[in-house]
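Asker: The structure's right below; bear with me while I get my questions together.
Values in this text are rule-based calculations from the coordinates and carry no lab data. Not measured: the values here are computed from a predicted model. Methodologically, a virtual Cβ is constructed for each residue, glycine included, from the backbone with ideal geometry; neighbour enumeration extends over all protein chains shown.
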Amino acid sequence: MLNTMMLVLLISIGIVFIRMIRGKNIWEKLLSLNLIAIMIVMIIITYAVEYQIELIMDIAIAYSIIGFLSLILLAKFIAGGRK
């Protein structure tokens, strides 16, 4: 069951990656990048639940915080670079 969920998430990452490449503007690409980061966190958590490794949950939390902060920094950089 969880292997199927991981496979669906990987396929979804591929579809979102294609959407990121074909995005019309930079904000759509940034949103796609954030969605990919969220799906990677979901894959890490699914792996941790399947193999019952609690340490990997901490890694997933750290990865999600880094992903969120990088999204904020990229958005500020893009918005500030247009002045």
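Asker: Filtering region 14-28 down to residues that are surrounded by fewer than 16 Cβ atoms within 10 Å (Cβ to Cβ) and in contact with a helix residue (DSSP H, G or I) (Cβ under 7 Å, 6 or more places away or on another chain), which residue is farthest from Asn3 (Cα to Cα)?
Answerer: Initial filter on region 14-28 (surrounded by fewer than 16 Cβ atoms within 10 Å (Cβ to Cβ)): 14-15, 17-19, 21-28.
Adding the requirement that they be in contact with a helix residue (DSSP H, G or I) (Cβ under 7 Å, 6 or more places away or on another chain) leaves 17, 19, 23, 26.
Values: Phe17: 21, Arg19: 24, Gly23: 30, Ile26: 33 Å.
So the residue we want is Ile26.
Asker: Okay, moving on. Residues that are of a type outside the set (Lys, Arg) and touching a Ser or Thr at 6+ places or on another chain (Cβ under 7 Å): does region 45-63 have at least one?
Answerer: Kept after step one, since they are of a type outside the set (Lys, Arg), are these residues of region 45-63: 45-63.
From the residues that got through so far, the ones that are touching a Ser or Thr at 6+ places or on another chain (Cβ under 7 Å) too are none.
For region 45-63, residues of a type outside the set (Lys, Arg) and touching a Ser or Thr at 6+ places or on another chain (Cβ under 7 Å): absent.
Asker: In region 28-57, what count of residues is obtained for those that are farther than 16 Å from Leu69 by Cα and either without any contact (Cβ under 8 Å) to a residue 12 or more places away in the chain or charged (D, E, K, R) (or both)?
Answerer: 8
Asker: I want to confirm something. Restricting to region 4-52 and keeping residues that are small (Gly, Ala, Ser) and part of a helix (DSSP H, G or I), which single residue is farthest from Ile78 (Cα to Cα)?
Answerer: Ala48
Asker: Could you tell me whether Ile65 is surrounded by fewer than 16 Cβ atoms within 10 Å (Cβ to Cβ) and assigned to a helix (DSSP H, G or I)? Outline the logic, then answer.
Answerer: Values: surrounded by fewer than 16 Cβ atoms within 10 Å (Cβ to Cβ): yes; assigned to a helix (DSSP H, G or I): yes.
Taking the combined requirement at face value, the residue satisfies it.
Asker: Kindly provide the set of residues from region 68-83 that are basic (Lys, Arg) and assigned to a helix (DSSP H, G or I), ordered by number. Spell out how you get there, then give the answer.
Answerer: Step one: of region 68-83, the residues basic (Lys, Arg) are 76, 82-83.
Result: Lys76, single match.
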